[in-house]
Amino acid sequence: MEQKKQTVLDVIQKSEGNIDFYGLKETTGMEAIELFSVVEALAKENRILMRLNHLDEGTYCYKSSGDVLYERFMDLLFAHHGKRRSVAFYASRLCITPKYLCCIVKKTSGKTPTEWINETTVREIEYMLCHTRTSIKEIVYELGFSNLSNFGKFFKAHKGMSPRIYRMVHCNVGSF
């Protein structure tokens, strides 16, 4: 099962997170039932997020440009897994100003882009601490923090403890 999960994750990553179920089925070569169970397992582990289309054929959905920009921001945020923490980076990818991005995201979600970026980064750190054997120094490097001190301060500000203590308290440290 772990190999199948990794295959699905690899395909999703190669498509930059923009693939539908049928494309995933075709690319992985898995049967639909098997792929459903793999995708379900990955979703339960919070390793993938899915957007479901609930519209029936012939039903049309109107979205404002702000809603579309917000969704595109969230897609980019998910694709970069907390490795990019600058509002300016996301705004440039969306071809808008950082100020406009802040207005749209705050109006649509009630949170600022910085809050979303920080939440995503913290979730990625928690995942890496608890579900990988990656050392804390390697996590610092992978997520693009300038140094271990800044990483520790960032994590402690959001979780109230150091990454090392978090790993010991919240994760199965026996397997690391």
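Of (1) 2, 9, 16, 20, 17, 14, 10, 6, 4, 3, 1; (2) 1, 7, 14, 16, 13, 11, 10, 9, 7, 5, 3, 1, 0, 0; (3) 1, 7, 14, 16, 16, 17, 15, 9, 4, 1, 0, which one was derived for P(r) over Cα pairs in 5 Å bins from 0, in percent from the structure shown? Of the labelled values, this structure produces (3). A straight Cα-to-Cα reach below 15 Å connects K25 with the aspartates and glutamates D10, E34, E40, residues fewer than 8 places away in its own chain not being considered. Simple point charges give the picture: +1 on the Cβ of Lys and Arg, -1 on the Cβ of Asp and Glu, and for segment 91-176 a dipole about the Cα centre of about 220 debye. Which pairs in the list K5/K153; K14/K156; K83/K111; K83/K153; K5/K44; K14/K83 are over 21 Å apart, alpha-carbon to alpha-carbon? Exceeds cut-off: K5/K153; K14/K156. Residues considered: E71, E119, E31. Largest GNM mean-square fluctuation over the chain, using C-alpha springs under 10 Å, is found at E31. For segment 54-163, carbon and sulfur atoms together expose 54% of the accessible surface, with a 1.4 angstrom probe and every protein chain in place. With +1 on each Lys and Arg Cβ and -1 on each Asp and Glu Cβ, how big is the dipole of the chain about its Cα centre, in debye rounded to the nearest 20? Using Cβ point charges on Lys, Arg, Asp and Glu, the chain gives about 1080 debye.
In this structure D10 has an accessible area near 60 Å², from a 1.4 Å probe over the protein heavy atoms.
Here the contact order of the chain, divided by its residue count and restricted to Cα pairs under 8 Å and six or more residues apart, works out to 14 percent. Largest to smallest in accessible area, the residues I104, I125 fall in the order I104, I125 (1.4 Å probe, all protein chains included). For a straight C-alpha distance cut-off of 15 angstrom, the aspartates and glutamates reachable from K137 (same-chain residues fewer than eight places away being disregarded) are E124, E126. To the nearest 10, the accessible area of M50 is 110 Å² with a 1.4 Å probe. Paramagnetic label reach from R123 (point 7 Å along Cα→Cβ; backbone nitrogen cut-off under 18 Å): within segment 77-104, residues 77-87, 90.
With protein chains left intact and a 1.4 Å probe, residues in the chain average 66 Å² of accessible area per residue. Heavy-atom accessible area with a 1.4 Å probe sorts R133, R164, R72, largest first, into R133, R164, R72.
The values are calculated or read from the model by the stated rules, or taken from the named source; none is laboratory data. Since we're looking at a predicted model, the values are computed, not measured. Quick reminder, even Gly has a Cβ in these numbers, built from the backbone with ideal geometry, and neighbours come from all protein chains shown. Remember, those area values only see protein heavy atoms, side chains included, never the ligands or the DNA or RNA. Shrake-Rupley method; radii C 1.70, N 1.55, O 1.52, S 1.80 Å.
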